[in-house]
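The values are calculated or read from the model by the stated rules, or taken from the named source; none is laboratory data. Everything numeric here is computed off the predicted structure, so don't read it as measured data. Cβ atoms come from the backbone with ideal geometry, glycine included; neighbour counts cover every protein chain shown. For accessibility, only protein heavy atoms count, side chains too; no ligands or nucleic acids. Shrake-Rupley method; radii C 1.70, N 1.55, O 1.52, S 1.80 Å.
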Amino acid sequence: MRAAPQVRLACLTPAQIIEHASGGRANLFGLILQGDSAGAVAAQLPAATPLLDLNFPVLPASPQQVWGETWFSEKPLLAGRHGDVQYRCNSELLFGTVSLDEAGFPVTDGGSSPLRQASESAYRQIFALLDQSGFPELLRVWNYFPDINGESFGMERYRQFNIGRYEAFTSCRRPTSGMVPAACALGTRQGPLCLAFLAGREPLVPIENPRQTSAYHYPVAYGPRSPTFSRAGLVRLPDQEILLISGTASIVGHQTLHAGDALAQARETLANIAALLGEANRLGRHRDYDPQSLTYKVYIRHARDFAAVSQAMTEFLGRGCPAQVMIVQADICRADLLVEVEAGAARYNRGVR
Ligand code: 3EB
């Protein structure tokens, strides 16, 4: 039997999450929960578990609307807190979460918006922790905040977020292109700015998509500061390799394709993921990354597009495949995007030269 990877990414139902959390065998790094009753699951987890409780509706709608993206460690974990950052780490990785209420960042004379200030503060706090923790490398960030396509202070909120994120990277002397983390950025219905992140001792092996302009090189038409993220990345650990695919959408070059057509957008998105798998197989230790071996989180703007997006996933994966797919309803960071897909896989290194 193949040994389990030291870190495992899984989409689980609430019953499974509670069973794992109380079982004691697999340690929980942390969770990103979706669904209206995520709070009920969170209440049953040990105190101080790094946790994002998002209110994205899980599709198809069911009475038990909670799913979780769960990060497991087979190695013992230490827990800690640094400012507003809650984290757990083992010998190789650190997983953390931070939630900041925009109301805590009133506008002052400079005119910088609360969201921009909160975004900069969240990233600065993460970098401050990483600089002193022995896990200097930021590998993956999940970014969530309400009203992502709304406009205030003369600018779309996603663009405000991009400025705050960029300023934290520069003021903390981090590169803003090339060696930047994999990421996603989605709009919630309400609540604070909340981030989850994964950090490590060794740098990410960044992966860009040959079909797309690198996001950090987007033209200024998309906002005064470009988004600071890599299209994907490989995390190399002594005993395993983790592939992390960032939020991926129907963008070719830097332009949105197929406005208004969810099926065509989903197919274009999956063509982008296929291109990233090709790059991962070129750059990785493991040459067997394929659609079937990934765990997916699919964000759709409108619940009515569920059937079309499910169809595209089935075309990509084949019927009856074992891959795990979680579909949730969320706002996407460009108003013309209807779907965004992120994915991940972990490979045990034994037997690989
Ligand atoms: C895109 O390709 C779609 O701002 O961190 C995807 C992944 C997107 C991450 C981010 C944004 C982000 O531009 C949006």
Test for residue 265: is it open to solvent by less than 20 Å² (accessible area, probe 1.4 Å) and away from the ligand (no atom under 16 Å from the Cβ): no
Residue that is farthest from residue 274 (Cα to Cα) [pool: residues in the range 223-236 that are crowded, with 19+ Cβ neighbours inside 10 Å and out of contact with any helix residue (DSSP H, G or I) (no Cβ under 7 Å at 6 or more places or on another chain)]: 235
The lone exception for residue 91 - which of (1) under 19 Å from residue 197 (Cα atoms); (2) in contact (Cβ under 8 Å) with a residue 40 or more places away in the chain it fails: (2)
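Just checking, how many residues over the range 142-190 are among the charged types (D, E, K, R), open to solvent by less than 30 Å² (accessible area, probe 1.4 Å) and closer than 21 Å to residue 130 by Cα?
Final tally of qualifying residues: 1.
Taking the range 220-256 only, how many residues are farther than 25 Å from residue 69 by Cβ and within 12 Å of the ligand (Cβ to nearest atom)? Don't jump to the end; show me each part of the working.
Step one: of the range 220-256, the residues farther than 25 Å from residue 69 by Cβ are 220-226, 252-256.
In the following step, the residues that additionally are within 12 Å of the ligand (Cβ to nearest atom) were identified as 222-223, 225-226, 252-256.
Of the residues in the range 220-256, 9 are farther than 25 Å from residue 69 by Cβ and within 12 Å of the ligand (Cβ to nearest atom).
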Number of positions in the range 272-291 that are open to solvent by 40 Å² or more (accessible area, probe 1.4 Å) and either in contact with a strand residue (DSSP E or B) (Cβ under 9 Å, 6 or more places away or on another chain) or not small (Gly, Ala, Ser) (or both): 6
Test for residue 209: is it in contact (Cβ under 8 Å) with a residue 24 or more places away in the chain, out of contact with any Gly (no Cβ under 9 Å at 6 or more places or on another chain) and open to solvent by less than 50 Å² (accessible area, probe 1.4 Å): yes
